[in-house]
1. Which residues, counting only those in region 15-35, are touching a helix residue (DSSP H, G or I) at 6+ places or on another chain (Cβ under 8 Å) and either in a loop (DSSP other than H, G, I, E, B) or at pLDDT 90 or above (or both)?
2. Filter region 56-100 down to residues that are small (Gly, Ala, Ser), at pLDDT 90 or above and under 14 Å from the mean Cα position of the chain (by Cα) and give me whichever is nearest to residue 26 (Cα to Cα).
3. Could you list, in sequence order, all residues of region 37-49 that are surrounded by 15 or more Cβ atoms within 10 Å (Cβ to Cβ), under 15 Å from residue 20 (Cα atoms) and not aromatic (Phe, Trp, Tyr)?
4. Looking at region 13-29, can you tell me whether even one residue there is among the acidic types (Asp, Glu), free of Cβ contacts under 8 Å to residues at least 12 places away in the same chain and farther than 30 Å from residue 2 by Cβ?
Amino acid sequence: MTDESASPPNCDSIMVLVPCPTLARNADLALLPRDEAIEVYKQQFGKDMVDDVRDAVLRRLSVLEGLENLSDLILDEVLDTPATYADYYNVGAGVPFGLS
């Protein structure tokens, strides 16, 4: 059974979970307003790092049959980091596995 709302007709959804380090905690950030502290934490996973990991994942998947041109077929994507998990779910160090 599939969720037809997860992608447009005749398309598929793919989720890739990449192992990564947790946020490096900084006690000084506890003195800042939450939004400011989250922005500092987000800098630990900057655009260059996220782009490098994204490119590596696409290169790895492109060797699989049927996924050779995967990067050309992406209609929408969501990229999350431990900082976005910390922001969205208020989890310490951005570790989503503590939610279970």
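The values are calculated or read from the model by the stated rules, or taken from the named source; none is laboratory data. Note that the structure is a prediction, hence the values are computed from the model and not measured. Reconstructed Cβ throughout: ideal geometry from the backbone, glycine too, with neighbour counts over all protein chains shown.
1. We begin by selecting, within region 15-35, every residue touching a helix residue (DSSP H, G or I) at 6+ places or on another chain (Cβ under 8 Å); these are 16, 18, 20-26, 29-30, 32.
Hits for region 15-35 are 16, 18, 20, 21, 22, 23, 24, 25, 26, 32.
2. Going residue by residue through region 56-100, those that are small (Gly, Ala, Ser) are 56, 62, 66, 71, 83, 86, 92-94, 98, 100.
The next check asks that each one be at pLDDT 90 or above; those that pass are 56, 62, 66, 71, 83.
From the residues that got through so far, the ones that are under 14 Å from the mean Cα position of the chain (by Cα) too are 56, 83.
Numbers: 56: 29, 83: 13 Å.
Across region 56-100, the extreme among qualifying residues is 83.
3. The answer is 42, 44.
4. Among the residues of region 13-29, at least one is among the acidic types (Asp, Glu), free of Cβ contacts under 8 Å to residues at least 12 places away in the same chain and farther than 30 Å from residue 2 by Cβ, which makes the answer yes.
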